[in-house]
Amino acid sequence: MIHEVIVTTRNSAGQVHIAPMGIHWRDNRVVISPFKPSTTLENLLKRRDAVINYCDDVRVFAGCLTGHYEWPVQQALKVDVPRLQDALAHSEVRLESIEEDELRPRLLCSVVHDANHRPFRGFNRAQAAVLELAILVSRLERLPRSKIQRELAYLRIAIDKTAGTREHEAWGWLMDRIDGHLGQMEAGQ
Ligand SMILES: Cc1cc2nc3c(=O)[nH]c(=O)nc-3n(C[C@H](O)[C@H](O)[C@H](O)COP(=O)(O)O)c2cc1C
């Protein structure tokens, strides 16, 4: 099973990097699978630690794909990488081994510290729709116009029925990106 999370890492200059990633668990290891090239991959290979942030603020997922990176962070306990301040929970992890792959290596990490910060209040369909739209935005170049429009129409139902302000804001950022892309497609035809 894949869990969509926010991975925080640091580069060699100490700057924090925030990226949405789909992780899975294998035995008691977290497996992070970045597509090459990836800043998360580079940072993890150099510094060997990261934080997995379990976050229900979908603006962070949409923001990382649309240029909104200013999310508040705070110091973690056992690794020198900050965690997202608003995460519901987080795991501090250390790189143990790598399964090499030309396209998408798998980074197997052990958990050195786990913490809960806020209760999980239940599933929200608009949050799922924003995640789906964020993934669609990350693949825009490869998708035909008809598929983009079909998926948008379906995902919009959950937004109209169940979104709160955070989900509307995230949706708006992604829609700006999609509208720009569809406009370019039209101009190029
Ligand atoms: C929900 C979601 C899940 C994602 N999962 C992955 C993933 O597992 N691996 C990956 O390389 N990129 C994934 N992406 C795309 C990256 O977040 C995005 O391309 C990122 O900027 C690239 O990673 P980097 O910042 O480490 O270079 C995902 C995006 C979203 C919205």
### Task
Keeping the other protein chains in place, figure out the carbon and sulfur percent of the accessible area of the chain, with a 1.4 Å probe.
49
### ³J(HN,Hα), Karplus 6.51/-1.76/1.60, whole Hz, each residue of segment 151-163, x for Gly, Pro
5, 4, 4, 6, 5, 4, 4, 5, 5, 4, 8, 9, 6
### Query
Taking only the alpha-carbon atoms of the chain, what semi-axes of the equivalent ellipsoid follow from 5 times the gyration tensor eigenvalues under a square root, in whole Å, largest first?
30, 20, 15
### Query
Using modelled backbone amide H atoms (1.01 Å from N, in-plane), which distant-in-sequence or interchain residues come within less than 5 Å of residue 17's amide H?
9, 10, 11
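Per residue, what accessible area does the chain have, given a 1.4 Å probe and all protein chains present, in Å²? Working shown, then result.
Details: 10480 Å² over 189 residues.
The answer is 55 Å² per residue.
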### Query
If the convex hull of the alpha-carbon atoms of segment 125-188 is projected onto planes in all directions, what is the mean projected area in square nanometres?
3.9
### Query
By how many nm would the segment from residue 149 to residue 85 grow when fully extended, if each residue of separation counts as 0.36 nm and the alpha-carbon distance is taken off?
19.5 nm
### Query
Relative to the Cα centre, what is the charge dipole magnitude of the chain, using +1 at the beta carbon of each Lys and Arg, -1 at the beta carbon of each Asp and Glu, and rounding to the nearest 20 debye?
160
## Note on the structure
HN-Hα couplings for segment 111-127 via Karplus (6.51, -1.76, 1.60; θ = phi - 60°), in whole Hz with x for Gly/Pro, come out as 8, 9, 6, 10, 8, 9, 10, 8, x, 7, 9, x, 6, 9, 5, 5, 5
### Task
Along Cα→Cβ, 7 Å out, is where each label goes; now give me the distance between the ones at residue 116 and residue 156 in nm to one decimal.
4.0
### Virtual paramagnetic centre 7 Å along Cα→Cβ of residue 69, amide N under 20 Å, in segment 1-32
5-22
#### Entry: Label-to-label distance, nm, for residues given as residue 187 and residue 12 (7 Å Cα→Cβ offset)
3.9
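The values are calculated or read from the model by the stated rules, or taken from the named source; none is laboratory data. Because the structure is predicted, anything quoted here is derived from the model rather than measured. FYI the Cβ positions are ideal-geometry reconstructions off the backbone, even for glycines, and counts take in every protein chain you see. These accessible areas exclude ligands, DNA and RNA; they are computed on the full protein's heavy atoms, side chains included. Shrake-Rupley method; radii C 1.70, N 1.55, O 1.52, S 1.80 Å.
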